[in-house]
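To start, the structure itself, in structure tokens.
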Amino acid sequence: MANKRNGSQTVKFDNPPRIISTGSIVGPKEGQGPLRLYFDEIIDDEMWGEKSWEKAESKIMRETFARILKKAARSPKDINYIIAGDLLNQCIAANYGIRESDVPFFGIFGACSTMAESMNIGAMLIDGGFADYVVCITSSHFCSAEKQFRFPLELGTQRTPTAQWTVTGSGGVLLSSDGTGPFITHATTGKIVDMGVKDANNMGAAMAPAAVDTLIAHFRDTGFLPEDYDLIVTGDLGYVGKNICQELMMKHGYDLSERYNDCGVMIYDLKKQDAHAGGSGCGCSATVLAGYIYEEINKGNLNNVLFVATGALFSPTSVQQGESIPAIAHAIRIQRIL
Amino acid sequence: MQNMIWTYINAFIVGGVICAAGQILIDKTKLTSARILVLFVTTGVILSALGVYQKIVDIGGAGATIPLSGFGYTLTRGVFRDVESLGILGAFTGGLKATAAGITAAILFGYIISVAAVPKAKR
Amino acid sequence: MQKGLTKQEYQQYVEKMSPKSKILRNVFRAFLVGGLICVVGQFFINILKLRGIDQERASTITTLIMVFLGALFTGLNVYDELGRFAGAGSIIPITGFANSIVSPAMEHKTEGYVMGVGGKMFVVAGPVLVYGISASVIAGILYYLIHK
């Protein structure tokens, strides 16, 4: 009998898993953004001494994983599971990044929602009594993502104003059954939502309805209201999707107003940096969570955070075949003290 | 000398207008650059076959031959010339014959440069 | 779920919420850069003709030079910057064709010289050859049927 279910899409944890450590490594462009002081490391070259973008992305994840463990003074032997994912075909950034870790591994794909997806699963494993330590980690890399999803870097094309900029970086968290918090109290798992948007250069618009769907499900299932949060943060809708999300939520009677932000809007200075509609990619919400949000919670500046990472579940093949873009959003409720 | 200056002005205007037309297509239809290139080369072939593109080349010079529609023009001119001398077989030989230098150069230079250069990350 | 919003209505709404490309600015830039690239081409044609080379050969040699320049500036990592500014102005000239050949080949070099460089060289430019050559063959056959 599933007695931890709370409404149709949410679970409530009896023994809320703690986030005891995080790690974040970002690329040079993110390192010039407004959140630069929150990241553990900023690499100054996207190749980072490797021979390909893909290898560089794996290295970023590998090093981020090492940092998470180091900060918590844990060794890989202590970790029961790694749950990881990225944007590349067959999730190779995670597969190769985690290859040498010698830890039981779940590879998952949720596009840019992967961070919240992995934490949904990780928190369930811990509260279910299946694990004491779980690392949830994701990555993305501007160059490897462009190569796979768009055009060669050196091809002379223009980006449309709604296009988003894939974040180079990796972020991850170590979840534990024990510790002083912050705590993951609820997880709301999203459903696939497709409102028929076909423009792969407007992913914010494609993902916004999924974010709205999950937010409404979360409020409905838990009885919380937007006012119960200091920060409601969606993962990489960019500013086009953020505005849509906010307006749609208002239509449903939820005023997110000042407490609402979006990782894709936060990670770059959209006025000074050439990032068009904002950041995207698995690494976007992951690094903002592991860097900015985690630090602000620990400082006591944030007490209740709703982290909603959104993903566009398409591939170049599906777009070429004329398919619209399905999207998903997963939510995690983080509370500083119980 | 006077004539020489006009060749530049004409090339600038005709080439500029062709590219501007392409830009309107990109912004209005969200066509990718590969589709734009295909569209222009095919349009070049059709307009050349109808005899229209020759007139544009007469005015614009390089302004008409440098854009990819000019590649379609060269293909078609080569095909028509070979059809004149070889009959129907010319439809299969003329195009590549006329454009051989450009295509070979693109492959050769393309290969050499690709081997020598590395892509740079964008920020 | 989206109460009151059908897919069609949502797409119209998205259309309204999304910033538009600055068409006037983009078209001006495309005109400017596209025109200038053609002026460079015209320069080579004029020089070659002054040296007594006939129009057709001058034109062919110019194509060679322009293809080389397009490839070179791609390799020097500047053609994409030009493209970001000029859009169609640097896509449509033959230099853009060279760019479309070099850029995927460079990028996929990590997958080897045969399937990477050789195989990916024509992912963008291949369709141009397929449709250009096919169309010209059709034009040639029609020309034959009408005139012969």
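The values are calculated or read from the model by the stated rules, or taken from the named source; none is laboratory data. None of the values given here were measured: they were computed from a predicted structure. In this analysis, Cβ positions are derived from the backbone assuming ideal geometry, glycine residues included, and neighbour counts consider all displayed protein chains. For the accessible areas, the whole protein counts, side chains as well, though only heavy atoms, and no ligand, DNA or RNA atoms are used. Shrake-Rupley method; radii C 1.70, N 1.55, O 1.52, S 1.80 Å.
Within chain B, helices built from complete DSSP H runs that reach 15 Å or longer along their own axis (Cα positions) and carry a mean Kyte-Doolittle hydropathy of -0.5 or higher are B:2-29, B:33-49, B:68-86, B:90-116. Can you compute the FRET efficiency between B:W6 and C:I61 using 1/(1 + (r/R0)^6), with r the Cβ-Cβ distance and R0 = 25 Å? Round to the nearest 0.05. Once rounded, the FRET efficiency stands at 0.70.
Placing dummy labels 7 Å off each Cα toward the beta-carbon, the span from C:I141 to A:N89 is 3.4 nm. Helices in chain B, meaning DSSP H runs of at least 4 residues, each add -39500 (n - 2.57). Divided by all residues, the mean residue ellipticity at 222 nm is -28500 deg cm²/dmol. Between A:S318 and A:K271, the simple spin-label model (points 7 angstrom out along Cα→Cβ) gives 3.7 nm. Projected over all directions and averaged, the alpha-carbon convex hull of the protein assembly as shown occupies 30.0 nm². Using only alpha-carbon positions in the range A:102-249, the gyration tensor eigenvalues give semi-axes of 29, 22, 12 Å once each is multiplied by 5 and square-rooted (largest first). Start at zero, step by 10 Å, and the Cα-Cα distances of the range C:41-147 spread as 14, 31, 32, 19, 4, 0 percent across the bins.
On the basis of the beta-carbon distance and an R0 of 25 Å, A:L225 and A:K198 show a calculated FRET efficiency of 0.10. Over chain C, dividing the summed -39,500 (n - 2.57) contributions of all DSSP H runs of at least 4 residues by the number of residues returns a 222 nm mean residue ellipticity of -24000 deg cm²/dmol. Extending 7 Å from Cα along the Cβ direction at B:I24 and again at B:A100 yields two label points whose distance is 3.9 nm. Using the 1.4 Å probe convention, the accessible area of the protein assembly as shown works out to 40 Å² per residue with neighbouring protein chains retained. Taking the 1.4 Å solvent-accessible surface of the protein assembly as shown as the whole, the part contributed by carbon and sulfur is 59%.
What's log10 of I(q)/I(0) for the range B:2-116 at q = 0.11 Å⁻¹, Debye sum over Cα points only, no solvent? Here log10 of I(q) over I(0) equals -0.44. Mean projected area of the convex hull spanned by the Cα atoms of the range A:1-85, taken over all viewing directions: 8.7 nm². In the range A:1-156, the DSSP beta bridges split such that about 15 percent are antiparallel, to the nearest 5. Sequence-distant contacts, meaning Cα pairs under 8 Å at least 6 residues apart, place the relative contact order of chain B at 21 percent. Mind giving me the FRET efficiency for B:D58 and B:S85? R0 is 22 Å, r the Cβ-Cβ distance, nearest 0.05 is fine. Taking R0 as 22 Å, the efficiency between B:D58 and B:S85 is 0.40. Over the range A:165-222, the alpha carbon radius of gyration divided by the compact-protein estimate 2.2 N^0.38 Å works out to 1.54. Computed on the Cα trace of the range A:5-176, the radius of gyration divided by the Kirkwood hydrodynamic radius gives Rg/Rh = 1.00.
Accessible surface buried by the C/B pair amounts to about 5800 Å², both sides summed, 1.4 Å probe.
Normalised size of chain A, defined as Cα radius of gyration per 2.2 N^0.38 Å with N residues, equals 0.90. Once the Kirkwood radius over Cα pairs is known for the range B:6-64, the Stokes-Einstein relation at 10 °C and 1.306 mPa s delivers a diffusion coefficient of 132 µm²/s. Ordered by solvent-accessible area of protein heavy atoms (1.4 Å probe), largest first, the residues A:V319, B:V38 come out as A:V319, B:V38. In the range A:183-335, the C-alpha radius of gyration followed by the widest Cα-Cα span (Dmax) gives 14.9, 49 angstrom. Only helices reaching 18 angstrom along their own axis (Cα) with mean Kyte-Doolittle hydropathy no lower than -1.0 count here, and for the DSSP H runs of chain C these are C:23-50, C:55-75, C:94-107, C:126-147.
Equivalent ellipsoid of the range A:238-325: semi-axes from √(5λ) of the C-alpha gyration tensor, largest first, are 25, 18, 14 Å.
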